[in-house]
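Student: Before I ask anything, here is the structure I am working with.
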Amino acid sequence: MKADILPNLEDVELLDRMEQAATIRVSLYDNHGHKMVFMAEHNRHGQQAIAANSLTYIQQLLDKFELQASDCEFYRYVFSPASGPILGRFSLKLSGEKPVSYSMKMLSQIELDHVSKLLEVIPQGELRQAV
């Protein structure tokens, strides 16, 4: 059984691109002012919710938690006890501070190990919604 590197993901209510309510699991880490935002599917919404709604979810997370896109790295997190953690890192193309497109790169085992070690030493941020 492999270790879950993000056991404390929190449920966050968002809207998908069809404006239907959706819950994804999110965790925020603060690396000296640079935010690392991890998104994972909630079991009841299937395995493709983030893939189909990435830009929609990223924009809502930026708005909801008053984050600046230029200060954030967004990741897709998938975990199973049998295969362990898998991370994909989003590269956002911005127009001002608004993301307009993205690409995603799956992290190699070396990159995954680096992120995993980093998460052990940097504080997990509290998800606080903007009022």
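Student: Test residue 91 against the stated conditions and say whether it is farther than 16 Å from residue 129 by Cα and hydroxyl-bearing (Ser, Thr, Tyr).
Tutor: yes
Student: Can you pull out the residues in segment 96-131 that are more than 19 Å from residue 33 (Cα to Cα), open to solvent by 80 Å² or more (accessible area, probe 1.4 Å) and not in a strand (DSSP E or B)?
Tutor: Result: 109, 110, 131.
Student: Quick one: count up the residues across segment 1-43 that are in a loop (DSSP other than H, G, I, E, B) and either touching a Cys at 6+ places or on another chain (Cβ under 9 Å) or open to solvent by less than 90 Å² (accessible area, probe 1.4 Å) (or both).
Tutor: 9
Student: Check segment 49-67 and report whether any residue there is touching a Cys at 6+ places or on another chain (Cβ under 8 Å) and modelled with pLDDT of 95 or more.
Tutor: Taking every residue of segment 49-67 in turn, at least one turns out to be touching a Cys at 6+ places or on another chain (Cβ under 8 Å) and modelled with pLDDT of 95 or more.
Student: Also: What pairs can you find where one residue is in segment 1-15 and within 16 Å of residue 49 (Cα to Cα), the other is open to solvent by 80 Å² or more (accessible area, probe 1.4 Å) and part of a loop (DSSP other than H, G, I, E, B), and their Cβ atoms are less than 8 Å apart, with a gap of 6+ or different chains?
Tutor: Partner pairs satisfying both residue conditions: none exist.
The values are calculated or read from the model by the stated rules, or taken from the named source; none is laboratory data. Remember, predicted model here, so these are calculated numbers, not experimental data. Using ideal geometry, Cβ is built from the backbone for each residue, glycine included, and neighbour counts are taken over all protein chains shown. Ligands, DNA and RNA are excluded from the accessible area calculation, which covers all protein heavy atoms including side chains. Shrake-Rupley method; radii C 1.70, N 1.55, O 1.52, S 1.80 Å.
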